[in-house]
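Written out below as structure tokens is the structure these notes cover.
Values in this text are rule-based calculations from the coordinates and carry no lab data. Only a predicted model underlies this, so the values are computations on that prediction, with no experimental measurement involved. Here the Cβ positions follow ideal geometry from the backbone for every residue, glycine too, while neighbour counts run over all protein chains shown.
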Amino acid sequence: MTTTTAAKTPAEPQRIHAIPVRYPGRWISGAVVVVLAAMVANALLTNDTFAWPTVGEYLFSRPVLRGVGWTLFLTVTSMVIAIILAVTLAIMRRSANPVMRYVSWVYIWFFRGTPIYTQLIFWGLASVLYPVITLGVPFGPELLSMDTNVVLNATRAAILGLALNEAAYLAEIVRAGLQSVDRGQFEAARALGMKEGRILWRIVLPQAMRVIVPPTGNETISMLKTTSLVLAVPFSLDLQFATNAIGNRTFQPVPLLMVAAIWYLAITSVLMVGQFYLERYYGRGFDEHVPKRGRRGRQSAINAAKTTPELGAIDDMGRPIGGGV
Amino acid sequence: MSAQTSTAPMVEMTGVHKWYGDAHVLRGVDLVVQQGTVTVMLGPSGSGKSTALRCINQLEEIGAGAVRVEGELMGYREGTKGGKPALYRLHPRQIATQRARVGMVFQRFNLFPHMTALGNVMEAPVQVLGKGKAEARERAVEMLSRVGLADRLDHYPAQLSGGQQQRVAIARALAMDPDIMLFDEPTSALDPELVGEVLGVMRDLASSGMTMIVVTHEIGFAREVADQVVFMADGVIVEHGPVAQVIDAPTEQRTKDFLAHVL
């Protein structure tokens, strides 16, 4: 009769088959969206200014593909350098050493506080301002000297300019991530005798990644498009420059802008897929509902116990035993 | 150091004071814990029992006095400066080494959430003691079996009940082969029906001869396993001695008042 005794009686409880609530608003809004989408498609496809055949002609042309390659190269290398630098800066910000803290603070203050465009121009001008780079004692003897034009060519100046600027922003993201980790984690690791560096690397940073990855994905996508600013260096092989050049040469700027936009959108989509997997990896142990290989854990154990009670083993604590490997 | 270990008590706190800014939370704590004994620390919240415990493994830096574990001064090196005796603060690396032989279990478990139960227990033996993965794994399985969790090796902390998490935390501390185990209110964050399983593991540990200091409100547990009961109030040890003395026949009014509330 009551729910508590129902489990013991052999009679199968009668399942509820209710009539679901209707949501007419969903159908109406869906219809509105379909109409709007059709209008946008119509506006894009029927306007001859977009010159879709031209878009198709150049989408996979050699100079455009080379531009895509360079843009990807700039994005990836500058982000990798920026991430390494940012983690270092964030750790310095938290250091017990006041010199480290101060240096990190000044770095972030300067590179965040000046425009990226200006920074890129200066990296490009470096070989004019300082034609020769020398290493030595200040005001004293020189130990090593190099031609700036060789060391800091346009590609390296572009990568350096993008990376140093980005590191300042990412450092704050990493700092936020490190701050998000519970103090108890440090204490537990310390109590086990772990040294500070190991605690950071093994315990704190992996947990901070959960917080760090989403905004870093954001920064990466932002970087993809910031690379178009490298013409300030001047560096002229990236996607935006390549499509602009073709557009100007052929007097068809609009279709070539579409070519660039399509590629940026495509690369962004790929990056978002990568971000999804990174988030899932660093969410392990936190996001219980993300299905993992060979579903295991408490939730699946409960599910299994409910649907097939004859298989649901119970341990000595009265809990269903999960499918632990 | 090794010459001292045979005679020195496991833990010796002498005149320990602790300040947080202006708050004077420990006001001269003297405590001796002999090897192989169980000490239970009782007292109202805010009496300083957890702080005293955390001073033993240097999670808190003491303001005055001395803490010795097996005769070795914790956190400092005794030396001289200008012909006079002086204390030199140890480098964090040296303090880490001192902590490695003092196991600790926290109220809120503090398991590493991104690692499985097995990963949690293997972490310190690999990272601190430099053990090989295979050896550490074997030992971790042994420790987790000892706390009754042999079937939960690959579970993440979020997939375990509170009682199970705390048992993993005990296994994690035991895997370091500590000379002493500190328990900071190990059952206070647990649902009532899960307290028993953790106390059971601790009872087994006590009977195996492990030196333990336990901050708790579980009077029943104290009665059962404590060799020494310490009652703290307002940053000092008000009363200490065997169960029969401190719990059954307290002489101090503050002890009586507290027990009247708890029992």
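Note on chain B: Cα convex hull, mean projected area over all directions, 15.6 nm². Axis angle, to the nearest 10 degrees, between helix A:154-179 and the longest C-alpha principal axis of chain A: 40 degrees.
Listed by Cβ neighbour count within 10 Å, with the fewest neighbours leading, B:Lys81, B:Lys18, B:Lys256 appear as B:Lys81, B:Lys256, B:Lys18. Among A:Ser127, A:Ser78, sorting on how many other beta-carbon atoms sit within 10 Å of each Cβ, with the fewest leading, yields A:Ser127, A:Ser78. Once backbone amide H atoms are built at 1.01 Å from N, B:Thr211 has B:Gly36, B:Met181 as its partners under 5 Å, excluding neighbours fewer than 5 places away on the same chain. Placing unit charges on the Cβ atoms only, positive for Lys and Arg and negative for Asp and Glu, gives chain B a dipole magnitude near 880 debye about its Cα centre.
For the stretch A:125-189, the set of chymotrypsin sites (Phe, Trp or Tyr not before Pro) satisfying both a DSSP loop assignment and a count of at most 10 other C-beta atoms within 10 Å is given as A:Phe139.
Here the 3J(HN,Hα) profile of the stretch B:23-36, calculated from phi with Karplus coefficients 6.51, -1.76 and 1.60 at θ = phi - 60°, is 6, 9, 8, 10, 10, x, 9, 10, 8, 10, 10, 7, 4, x Hz, Gly and Pro shown as x. The loop-placed chymotrypsin sites (Phe, Trp or Tyr not before Pro) in the stretch A:227-283, going by DSSP, that have at most 13 neighbouring Cβ atoms within 10 Å of their Cβ come out as A:Phe251. Helical runs (DSSP H, four residues minimum) scored at -39500 (n - 2.57) apiece and divided by the length of chain B put the mean residue ellipticity at 222 nm at -10500 deg cm²/dmol.
Return the inverse of the average 1/r over all pairs of distinct C-alpha atoms in the stretch A:171-234, which is the Kirkwood hydrodynamic radius, in Å to one decimal.
It works out to 13.6 Å.
Remark on B:Val236: its backbone amide H falls under 5 Å from those of B:Arg27, a criterion applied only to residues 5 or more positions apart or on other chains, H modelled at 1.01 Å from N. At q = 0.09, 0.20 Å⁻¹ the log10 of I(q)/I(0) for the stretch A:1-120 amounts to -0.77, -1.14, computed by Debye summation with a single uniform scatterer per C-alpha, solvent ignored. An ellipsoid equivalent to the stretch B:184-263, defined through the eigenvalues of its Cα gyration tensor, has semi-axes of 22, 15, 11 Å when rounded to whole angstrom and sorted largest first.
Mean partner shielding of peptide A:200-212, defined as the number of other chain Cβ atoms within 10 Å of each residue Cβ, is 2. Projecting the Cα atoms of A:Phe251, A:Pro206, A:Leu164 onto the charge dipole of the stretch A:115-257, computed from C-beta unit charges around the Cα centre, puts A:Pro206 farthest toward the positive end. Where the alpha-carbon atoms of the protein assembly as shown are placed on the principal axes, they occupy 100, 91, 46 Å, in descending order.
In the elastic network of chain A, a GNM with C-alpha springs shorter than 10 Å, the most mobile of A:Pro215, A:Pro24, A:Pro255 is A:Pro24.
Per the Cα gyration tensor, the stretch A:225-273 maps to an equivalent ellipsoid with semi-axes of 20, 16, 6 Å, ordered largest to smallest. Based on Cα contacts under 8 Å between residues 6+ apart, chain A shows a relative contact order of 20 percent.
In chain B, which longest range has no GluC sites (Glu not before Pro) that are both DSSP loop (not H, G, I, E or B) and surrounded by at most 13 other Cβ atoms within 10 Å? The longest uninterrupted stretch comes out as B:62-251. Expressed as a rounded percentage, what relative contact order does chain B have, with Cα pairs under 8 Å and six or more residues apart? It comes to 25 percent, rounded to a whole number. For the stretch B:41-70 versus the stretch A:229-277, the inter-centroid distance based on Cα atoms is 63 Å. Here chain A is assigned +1 on the Cβ of each Lys and Arg and -1 on the Cβ of each Asp and Glu. Its dipole about the Cα centre then comes out at about 920 debye. The sum of -39500 (n - 2.57) across all DSSP H runs of n ≥ 4, divided by the residue count of chain A, sets its helix-only mean residue ellipticity at 222 nm to -21500 deg cm²/dmol. Computed about its Cα centre, the charge dipole of the protein assembly as shown is approximately 1280 debye, with only Lys, Arg, Asp and Glu carrying charge at their Cβ. A cut-off of 5 Å between modelled amide H atoms, ignoring neighbours fewer than 5 places along the same chain, links B:Asp177 with no other residue. The fraction of Cα-Cα pairs per 5 angstrom bin, counted from 0 for the stretch B:145-197, comes to 4, 19, 30, 25, 18, 5, 0 percent, rounded to whole percents.
When the Cα atoms of chain A are aligned to their principal axes, the ranges along those axes come out at 91, 68, 31 Å in descending order.
In the structure shown, do any of A:Lys195/B:Lys131; A:Lys195/B:Lys84; B:Lys49/B:Lys84 have a Cα-Cα gap over 27 Å, and if so which? Flagged as over cut-off: A:Lys195/B:Lys84; B:Lys49/B:Lys84.
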